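The structure appears right after this line, and notes come after that.
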Amino acid sequence: MYRHLLVPLDVSTLATELVRQSVDLAKSLGAKVTFFHAETDYGSTGVAALERVMWPSLFNDQVAGDARAVLAKAAVVAREAGVEHDLLTVASDRPHEAILGAAEARGCDLIVIASHGRRGLRGLMLGSQTQNVLQQASLPVLVLALESNMAEWERIEALAILRDEHRSLAAVAHGLELLAREAGTQGQAPRFDLLRAIVHYIRAFPEAQHHPKEDAYLFPRLRARTPEFNDTLAELERQHRAGGKLVDDLEQSIDRYEADPASGFAQFADAVARFVASQEQHMRLETRVILPAAYRHLTSDDWSDIGRAFAENGDPRFRADTREEFRELFVRILNLVPEQSRANPLHP
């Protein structure tokens, strides 16, 4: 049976569902997963040469790319499931060749890849990269024709957005936890601008965007369909209200830590531990209880409204231009977390 899966990921909505299904498969097989992302070689382009001279900080962000952010979110799912995993990225303008090369280099015995064609295998409408992998691979390839196999794509797409936002917050919280651990073990204060960027992301995106939308859209719809989960929903809403205090405590502990590194670390480490523990408990309830319940009970109209709200910031209380802004901030944060930290998670 298969022992090592290679799972190529891009930045599409389908990747969220591909991660979930591939991790489930690996767990059932007792297999390892290598998540792989082929990043465009931006540094070799003409635009990059100009940016390198005129806007070096922009050039550095572009070269870093999305790879670490994409892979960090996949790692969240594997860690939660207890699946052994590795992360790999390469710079390549020919993704199918990079995928095949990675599978050979890592000793993988199965490639699990998503089809972006809405008609899937039946209509021979696979994406070009998937077709190239199938034609040239010397090892088995499992194609998950996700869109073509899902009669209620709006529901799956809305759930994918919710799960992706959860994974983004979990990846940032994990990075924060690792920074605190490094500071404690190495006795050296971390970059305080990075810590403040993390706090800004938490305060401005999950606290001001994601959680209020759950309160406004997801939770009321589930309550309207069944009373079975009212107590759990009330607890999650309580945790939403308490979240601001935890973020305040975290921000104040960073200020004290920077002002007095010798005596401020203990309070900082405690604030990080309390915040991370609260997020783990919160996302565990949502992931294991509320999202499966919503999957069973909500209607297609419910999912359409929820998906539109989260994907397009449809509620007038929310700014319509924030999604890309916070995606870029999330990517920048993950690119700044030390590479060694990501390779040595606290909870494998």
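The values are calculated or read from the model by the stated rules, or taken from the named source; none is laboratory data. Quick caveat, the model's predicted, so the values are computed rather than measured. Methodologically, a virtual Cβ is constructed for each residue, glycine included, from the backbone with ideal geometry; neighbour enumeration extends over all protein chains shown.
Rundown of residues vs (1) free of Cβ contacts under 8 Å to residues at least 24 places away in the same chain; (2) touching a His at 6+ places or on another chain (Cβ under 8 Å); (3) closer than 26 Å to Phe275 by Cβ, yes/no style:
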| site | (1), (2), (3) |
| --- | --- |
| Arg155 | no, no, no |
| Leu169 | no, yes, yes |
| Ala180 | no, no, yes |
| Phe205 | no, no, yes |
| Ala216 | no, no, yes |
| Arg225 | no, yes, no |
| Leu246 | no, no, yes |
Practice task
Find the residue count for region 68-96, including only residues that are crowded, with 23+ Cβ neighbours inside 10 Å and farther than 23 Å from Leu162 by Cβ.
Solution key: 0
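Here's the yes/no breakdown for (1) at pLDDT below 85; (2) over 17 Å from Glu97 (Cα atoms):
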{"position": "Pro140", "(1), (2)": "no, no"}
{"position": "Ala145", "(1), (2)": "yes, yes"}
{"position": "Ser148", "(1), (2)": "yes, yes"}
{"position": "Glu157", "(1), (2)": "yes, yes"}
{"position": "Arg163", "(1), (2)": "no, yes"}
{"position": "Leu169", "(1), (2)": "no, yes"}
{"position": "Val172", "(1), (2)": "no, yes"}
{"position": "Leu176", "(1), (2)": "no, yes"}
{"position": "Ala183", "(1), (2)": "no, yes"}
Exercise for the section: Being over 23 Å from Arg196 (Cβ atoms) and either modelled with pLDDT of 90 or more or part of a helix (DSSP H, G or I) (or both) narrows it down to one of Ala271, Ala311, so name that one. Expected result: Ala311
